[in-house]
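Inspection log for the structure reproduced underneath, given as structure tokens.
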Amino acid sequence: MTATTHETVTGSDLDLLVEAGDGALVAVPRGGRLRIVDLHGNQAADTLLYDAADVRNRYSALDTVREQAAVFLTTGSRLLSTRLDELAVITDDTVGRHDTLGGACAQESNVVRYGEHTRHQHACRQTFLAYGAPAGIGARELGHNINFFMNVPVTSAGDLHFEDGLSAPGKHVELTASRDLLVLLSNCPQLNNPCNGWDPTPVRLLGWWT
Amino acid sequence: MSLFAMEVPGGAAWSSPVRAGRLVTLTALGDDANCSVLLVAADRVDRLNLPDTLKAQMSARVIAPMVLMSDRGLALASVVASSLDWHDALGGFSHPAHLERHGPTSYAADRNDWRRSARTGLVSELTKHGLDERDLHGSVNFFSKVAVTDDDRASLTHVTGHSRAGDTVTLRVEHDLLVALSTAPHPMATGAWAPAGVRVEVSHAPEVDPATDASWCFRDESARALEMSRRAAA
Ligand SMILES: [Zn+2]
């Protein structure tokens, strides 16, 4: 593990360390900027966005991908909802691209992918459900998420696979909210593939609301 | 043995419970058909999860003999036969906004030829079963292809002419399902409004031998999902 650089940030409205395998539910007001910092590099930050006024209006991976006619998310990507509303725009990205087709890990999908011995390993879907519950976000409200800092190449031959991340210690991505949002984040505890560099680490959330 | 067959006209939507052990064969009745399909499990909470389906089988498209998997790791259906080597899993279903280029439409003006998006049709179908827009999820767009370009962003382009009248795909239902489908055009399609219909035939599936079945033998991940569905019915 590389040393964490905890630069001091002044004037932020949010400064939250999300430990490996933990999650967060953050309210971001319209116009607010939310930065996710990959403190140690190669750490998947599984993220869902909701319209704070109505959680049925949630982030939609396929609508987002189709409307930008490209798979990877980066600066300029408009993050759209299931009603085609713009929830947020990626306004800064020091990594270059992020995944939104790989989905989240779950205990059950771990069994499918890696075998029965992984059933009781901690997984993102549990984190989403635990942190989403106070906002009325249950299984029906969980859509297909963004995996910030994750590298899932898709090819013209129709292949898709997980590769080592392009991220590195201190890299970040920043969203600007297009309306009042709830951001539901799971700092991925997956140990069975390279999405977390085989060693899940903390991420830092920084927010500026004006 | 066929149990029933019916035609869903172009631009329409349909839903029905379909029991495990059935085959559902979709046949395109015109060129460039699109059939956006949602799968909801018996408990009406679990449902098709395309990201899990794709990553477990390392594919960005749906092809035979892939297994379509749920949020909770069940095999919902297996693609046991297909005349096409690509069914779209990236483009999602059409919204009313995608139909605006065809001009205004309404029942009052167009009677039953009014144009409705896949989302409108799918929500209408879900609502009949006590579900609603929360239960929408990534659809498989059978008969459609969105090509991926090997560039920095993996750019996407809809392929016109991918499917022809007579193309077919057959799903073997692995868990009691609610199937909802729309025959509205693919949201990235650029042609005039001329949605093709789809014939739906439901029949009994032959006995499955996991030792030789193509879906059970496709990948370890496919077999494990099928095993989870077997256990769910135990
Ligand atoms: Zn995860």
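The values are calculated or read from the model by the stated rules, or taken from the named source; none is laboratory data. These numbers were taken from a predicted model, which means no experiment stands behind them. Glycine also receives a Cβ, built like all others from the backbone with ideal geometry; neighbour counts cover every protein chain displayed. Ligands, DNA and RNA are excluded from the accessible area calculation, which covers all protein heavy atoms including side chains. Shrake-Rupley method; radii C 1.70, N 1.55, O 1.52, S 1.80 Å.
Basic side chains Lys and Arg get +1 at the Cβ, acidic Asp and Glu get -1 at the Cβ, and with that the dipole of the range B:2-233 about its Cα centre reaches some 340 debye. Applying the criteria of a DSSP loop state and at most 15 other Cβ atoms within 10 Å to the GluC sites (Glu not before Pro) of the range B:182-223 yields B:Glu207.
Sparsely packed loop sites in the range A:107-145 (the trypsin sites (Lys or Arg not before Pro) outside DSSP H, G, I, E and B with at most 13 other Cβ atoms within 10 Å) comprise A:Arg119. The simple spin-label model puts a point 7 Å past each Cα toward its Cβ; for B:Ser203 and A:Asp159 those points are separated by 3.5 nm.
Listed by chain and number, the lysines whose alpha-carbon sits under 26 Å from that of A:Lys171, ignoring those within fewer than 8 places in the same chain, are B:Lys55. Heavy-atom accessible area, probed at 1.4 angstrom with all protein chains present, ranks A:Leu14, B:Leu181 as A:Leu14, B:Leu181, highest first. Toward the positive end of the charge dipole of the range A:21-208, with +1 on the Cβ of Lys and Arg and -1 on the Cβ of Asp and Glu, the farthest Cα among A:Val28, A:His122, A:Leu184 is that of A:Val28. May I ask you to give the percent of accessible area on the range A:25-122 that is carbon plus sulfur, with a probe radius of 1.4 Å? Within the range A:25-122, the accessible surface is 45 percent carbon and sulfur.
Determine the share of the range B:2-233's accessible area contributed by carbon and sulfur atoms, expressed in whole percent, with a 1.4 angstrom probe.
50 percent
Each Lys and Arg contributes +1 and each Asp and Glu -1, all at the Cβ; summed about the Cα centre of the protein assembly as shown, the dipole is approximately 780 debye. A Förster radius of 45 Å, combined with the Cβ-Cβ distance separating B:Asp220 from A:Ala53, puts the computed FRET efficiency at roughly 0.55. Largest to smallest in accessible area, the residues A:His122, B:His87 fall in the order A:His122, B:His87 (1.4 Å probe, all protein chains included).
Think of the range B:2-233 as a dipole: +1 on every Lys or Arg Cβ, -1 on every Asp or Glu Cβ, centred on the Cα centre; then among B:Leu68, B:Asn112, B:Ser144, B:Asn112 lies furthest on the positive end. Could you compute the net charge surrounding A:His40? Neighbours are other residues with a C-beta less than 11 Å from the C-beta of A:His40; K and R count +1, D and E count -1. Neighbour charge sum, excluding A:His40 itself: 0.
Axis angle, to the nearest 10 degrees, between helix B:118-128 and the longest C-alpha principal axis of chain B: 60 degrees.
Under a Gaussian network description of chain B, with springs only between Cα atoms under 10 Å, the residue in B:Val45, B:Val140, B:Val198 that fluctuates furthest is B:Val45. Chains B and A together bury roughly 4000 Å² of accessible surface, counting both sides and using a 1.4 Å probe on protein heavy atoms.
The simple spin-label model puts a point 7 Å past each Cα toward its Cβ; for B:Asp151 and A:Thr8 those points are separated by 4.6 nm.
Per 10 Å bin, what percent of the C-alpha pairs of chain B does each bin hold, from zero upward? All Cα pairs, binned at 10 Å, distribute as 8, 34, 38, 17, 3, 0 percent. Net charge in the neighbourhood of B:Gly161 (other residues with Cβ under 9 Å of its Cβ; Lys, Arg +1, Asp, Glu -1) is -1.
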